[in-house]
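What follows is one structure encoded as structure tokens, with my remarks underneath.
Read the figures in this text as sums done on the coordinates, not as results from a lab. The shown structure was predicted, so the numbers you read here are calculated from the model rather than taken from an experiment. Please note: Cβ atoms are built from the backbone with ideal geometry, for glycine as well, and neighbour counts cover all protein chains shown.
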Amino acid sequence: MALETTITTAIVEYLNGLPHCVVEKIPADSRGKIGRSDLSGCINGRAFRIEVKSKEHNNKPTKAQQLNLKKWSRAGAIAFSAYSVEDVRYVLTKCVCNNHEYVGHKY
């Protein structure tokens, strides 16, 4: 079973390996606000926020996390929850490479 920390580490390694992309993990103890996303970054000039969850543990974003993602999305960022590197790859490819807006959230 993949823990959120394992999934987060894999996503950070994947994203930081992409050209024109930077991502930072926001430590839980320094978030300051309830609902803040796990990852914050930018790819090709486009900001993104990612809330990482584990399917095996049936985890879903909390209400506060959902509201935070919606806030960032309304401001123009790519904001979503992800359960794997594949989820991140899919969403960012759709939004950045194909120049689409990501309208939905994976809750």
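In debye to the nearest 20, how big a dipole does region 4-97 give about its Cα centre with +1 on each Lys and Arg Cβ and -1 on each Asp and Glu Cβ? Don't skip to the end; give the middle numbers.
Details: 15 positive and 9 negative charges, 112 e Å.
Its charge dipole is roughly 540 debye.
Starting from 0.36 nm per residue, how many nanometres of slack lie between ASN59 and ALA47 once their C-alpha separation is accounted for?
Extra length available between ASN59 and ALA47 comes to 1.9 nm.
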Can you list the HN-Hα couplings for region 74-83, worked out from phi with the Karplus curve (6.51, -1.76, 1.60; θ = phi - 60°), rounded to whole Hz and with x for Gly and Pro?
4, 7, x, 7, 7, 9, 7, 9, 9, 10
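So between ALA75 and GLU13, what do we pick up on full extension, going 0.36 nm a residue minus the alpha carbon distance?
Numbers: separation 62, 0.36 × 62 = 22.32 nm, distance 2.62 nm.
So the extension gain works out to 19.7 nm.
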From the C-alpha coordinates alone, can you work out the Kirkwood hydrodynamic radius of region 4-97, in Å?
13.2 Å
Amide H to amide H, which residues 5 or more places from ALA82 or on other chains are under 5 Å from it, using H placed in the peptide plane?
GLU51, VAL52, LYS53
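Where a ≥ b ≥ c are the square roots of the eigenvalues of the C-alpha gyration tensor, would you call region 13-54 rounded, which needs a/c under 1.5, or, failing that, prolate if a/b is larger than b/c, or oblate? Walk me through the intermediate numbers first.
On the way: a/c = 2.32, a/b = 1.89, b/c = 1.22.
It comes out prolate by the Cα gyration axes.
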What residues qualify as long-range amide H neighbours of ALA47, i.e. H under 5 Å apart, gap of 5 or more or another chain, H built at 1.01 Å from N?
ILE78
